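Worksheet for the structure shown next.
Every number in this text was worked out from the coordinates using simple rules, so none of it is lab data. As the structure is a prediction and not an experimental result, all values here were calculated from the model. Note that each Cβ is placed from the backbone with ideal geometry, even for glycine, and that neighbours are counted across all protein chains shown.
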Amino acid sequence: MASFIERINREKAKLAALDADPLLRKVQEIVRGEESIGTAPLLDLLGLRKTTANGRRLAQTMRTLGFVPIKSRRLLPGGWTDTVTRGWARPMRGCQTGFSGEA
């Protein structure tokens, strides 16, 4: 069982992480229950301008939450086939980083 001081230190670390990234709490609320979301709509929901700096801030937050970046080509109404949408998705399954050597 963890001592009282250890539990206090863990909670302090959690609060420090939230203070270090002011977007974290807002993004957590927005993406709760979502499997994927585009970067542009997420910036709109956060009330941020669509700039490279805001995209990079958002990228750091999304990686912290365990999302992976995606790039999707899709056919939009109007025939624009070269449209690329960037966004974030939760991983569908865990990735294996090494070969176990078992057959």
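Observations on the structure shown:
- Under a model in which nothing but the beta-carbon of Lys, Arg (+1) and Asp, Glu (-1) is charged, segment 4-89 shows a dipole of about 180 debye around its Cα centre.
- Mean separation of Cα pairs under 8 Å and 6 or more residues apart, divided by the residue count, gives segment 4-89 a relative contact order of 27 percent.
- For S36, S3, the sequence from fewest to most other C-beta atoms within 10 Å is S3, S36.
- Proximal lysines relative to K71, as straight alpha-carbon distance under 26 Å, when same-chain residues fewer than 8 apart are discounted: K26, K50
- Net +/- balance of residues flanking W88 in space, Cβ distance below 13 Å, scoring K and R +1, D and E -1: +2
- Charge tally in the Cβ shell below 15 Å around D21, where Lys, Arg are +1 and Asp, Glu are -1, D21 excluded: +4
- Cut-off 10 Å between beta-carbons: net charge of the residues surrounding L45, Lys and Arg +1, Asp and Glu -1: -1
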